[in-house]
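Just so it is clear, none of the values below were taken in a lab; they were calculated from the coordinates. Quick caveat, the model's predicted, so the values are computed rather than measured. As a convention, Cβ positions derive from the backbone with ideal geometry for all residues, glycine included, and neighbour counts pool all protein chains shown.
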Amino acid sequence: MDWSGSFEREGLDESVVWSQLDAVLGLEASDTTRLMNYAFTEMLNNAIDHSEGSRIDIRVWVRSTLLAFSISDDGIGVFARLRTGIGLENELQAAAELTKGKRTTWPERHTGEGIFFTSKAVSVFRLSANGIRLTVDNRRDDYALGVGEVQSGTLVEAEIDVPLARSLREVFEEFTDEDLTFSRSRPRVELFGTGLTFVSRSEARRLLTDMTGFTDIDIDFAGVQDVGQGFVDELLRVWPSQHPGITLHPMNMNEAVSFMVRRGLRAGS
């Protein structure tokens, strides 16, 4: 069963839209539906509060093994908004920054958690805007960042497998501490450069820019082929020495990266 709607952005309420589609589709209460509710309302609220567009178009698909939705607007584009809002060089940097969590242009109203947790919770998450597409594929534990077809506005697409691989609660528990504070992040190193080799100190600093709001940071090296001494030293010795109380956890390293990280940790001890 499918559902679609087109709405004026001004004055739109994401909870009202959810109630409308739920009434038509008759979604049964379950962990899957609760995750769908969270992801859908978070992404629709982002379009309402941030897009500066005039209209929002929505589609929802319900199948026996899959729930899915898309939300598109005609605004300025999520990556362009973040680039200008926090002063980045380009939209590719903005796409990478969104994967850290706590990155928002409106901190008075938003925590920057919506895209982060939604992208971790659903089976597949795609965010397209400004000629760029960010894909988070949790089925394969993979990321992709590249050229996209959406030039104007923003398109969010999400797929949720039925049954769930893990519940929304389990996703939150992975990145929050005992009092449910969002304290852990997992930046993917390969998203913060132009290749698969990271050698400069500036690349390490960019990876950890504005991450002082976390107490634990998993540094995910999946897909990275090589790292240089300067990158490792800045990442694992210099930055931690300047930010006591924050622990970095390198992970998903190949043999070459693991060797350089072990070497860097010994040199810094």
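Among 49, 141, 73, the largest mean-square fluctuation in a Gaussian network model of the chain (Cα springs under 10 Å) belongs to 141.
About the centre of its Cα atoms, the chain shows a dipole size close to 860 debye [charges on the beta carbon of Lys, Arg (+1) and Asp, Glu (-1) only; nearest 20 debye].
Rounded to the nearest 20 debye, the dipole magnitude of the stretch 199-269 is 280 debye, with +1 charges on Lys and Arg beta carbons, -1 on Asp and Glu beta carbons, and the Cα centre as origin. Here the stretch 142-252 is treated with +1 on each Lys and Arg Cβ and -1 on each Asp and Glu Cβ, and its dipole about the Cα centre works out to around 440 debye.
Applying 1/(1 + (r/R0)^6) with r as the Cβ-Cβ distance of residue 66 and residue 243 and R0 = 30 angstrom yields a FRET efficiency of 0.10.
In this simple spin-label model, placing a label point 7 Å from the Cα along the Cα-to-Cβ direction at both residue 194 and residue 210 gives a separation of 2.3 nm.
Normalised by residue count, the stretch 163-231 yields a Cα convex hull volume of 105 Å³ per residue. Taking the charge dipole of the chain about its Cα centre, with +1 at Lys and Arg Cβ atoms and -1 at Asp and Glu Cβ atoms, the residue from 223, 125, 65 reaching farthest to the positive side is 223.
Among the GluC sites (Glu not before Pro) in the stretch 135-191, those placed in a DSSP loop whose Cβ has at most 16 other Cβ atoms within 10 Å are 149, 178.
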